[in-house]
Amino acid sequence: MRRALLREGCRPPASRIGLTVRTLGCCTLAASLLVAGGCTSGGRALLATASHMYGGASVEASSPPQNSQLNYLRAHLGKREIYLALGYVDPLPEGPTEVWYSGSGEVLRIRQGRIVGTTGLTTDWRSVRFSSTGPSWAALTSRPDMPVRFTRERDLMPGYRFGVRDEVRLAAIAPPARSRMAQQHAAPVQWFEESSTTVPAREALPPARFAVTRIDDEPQVVYSEQCLTRDLCLSLERWKPAPAGGAAAATGS
């Protein structure tokens, strides 16, 4: 039922959507943690943190999460700054897709750093399709002088806007003068920008930016700026809690 809700666009009544998403997220995360060792002390700590988040208590920007056993996204959405927790990774044929939950009911589905589905926002991407599996960050980082092109189709709600088509160009760029990336990384960071032409033109999006670095010898998107509409933009940063007694070092503003 959870996947049907996310992919097919079925939505519970508005008065119940937050509770439904939080309940599904908590149950899914709890099940995955039990499989991964929920009977250990670490597993119990993870379940306790998940219970806190999905009980409706969002992690506020003034108190970044400290549980190093959970994976987080630091997100700016309009004037809000929140942290989302990784619920599970969906092993889809298109590629592993991360499912992230906020304490207030938003759900983001992310594949290779790109948003491929959302639930609970003012505009949602209910389905995203690519002309291929998408460009490999390993290939792009090794040959940043070679831009790539691909096609993306997305279905938007509300309004039943299906099959919005983007012709996307992805190319390396110089580090931007300003960003909201706030943590330092051991390996160099490479920046890329996705620009697109869209049919219909009224659904055109501002360019997206991605910061990629090597973690465990694999290139990963650690920060991005992506828009779902012209007026609905997010910045997303993979967030590693600071060591006890330490603080994250800022690299941008």
* Asked: Does Q183 satisfy the criteria of being surrounded by 15 or more Cβ atoms within 10 Å (Cβ to Cβ) and in a loop (DSSP other than H, G, I, E, B)?
  -> yes
* Structure fact -> Sole miss for R114 among (1) open to solvent by 50 Å² or more (accessible area, probe 1.4 Å); (2) in contact (Cβ under 8 Å) with a residue 24 or more places away in the chain is condition (1)
* Asked: Which residues, counting only those in region 139-179, are modelled with pLDDT of 90 or more, crowded, with 17+ Cβ neighbours inside 10 Å and not in a strand (DSSP E or B)?
  -> S179
* Asked: Looking at region 197-242, which of its residues are in contact (Cβ under 8 Å) with a residue 12 or more places away in the chain, out of contact with any strand residue (DSSP E or B) (no Cβ under 8 Å at 6 or more places or on another chain) and farther than 22 Å from T97 by Cβ?
  -> R230, A242
* Asked: Does G103 qualify as being assigned to a strand (DSSP E or B) and in contact with a helix residue (DSSP H, G or I) (Cβ under 7 Å, 6 or more places away or on another chain)?
  -> no
* Where residues in region 78-99 are under 12 Å from the mean Cα position of the chain (by Cα) and not β-branched (V, I, T), which of them is farthest from V222 (Cα to Cα)? -> G87
* region 235-253: number of residues that are modelled with pLDDT under 95, within 24 Å of A171 (Cα to Cα) and surrounded by 14 or more Cβ atoms within 10 Å (Cβ to Cβ) -> 3
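Just the residues that are basic (K, R) and within 19 Å of Y72 (Cβ to Cβ), please, taken from region 193-229.
Passing the criteria: none in range.
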* With respect to E194, is the statement that it is open to solvent by less than 40 Å² (accessible area, probe 1.4 Å) and of a type in the set (D, E, K, R) true? -> yes
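The values are calculated or read from the model by the stated rules, or taken from the named source; none is laboratory data. Fair warning: this is a prediction, and the values are worked out from it, not measured in the lab. Cβ coordinates were reconstructed from backbone atoms using ideal geometry, including for glycine residues, and neighbour counts include every protein chain displayed. Ligands, DNA and RNA are excluded from the accessible area calculation, which covers all protein heavy atoms including side chains. Shrake-Rupley method; radii C 1.70, N 1.55, O 1.52, S 1.80 Å.
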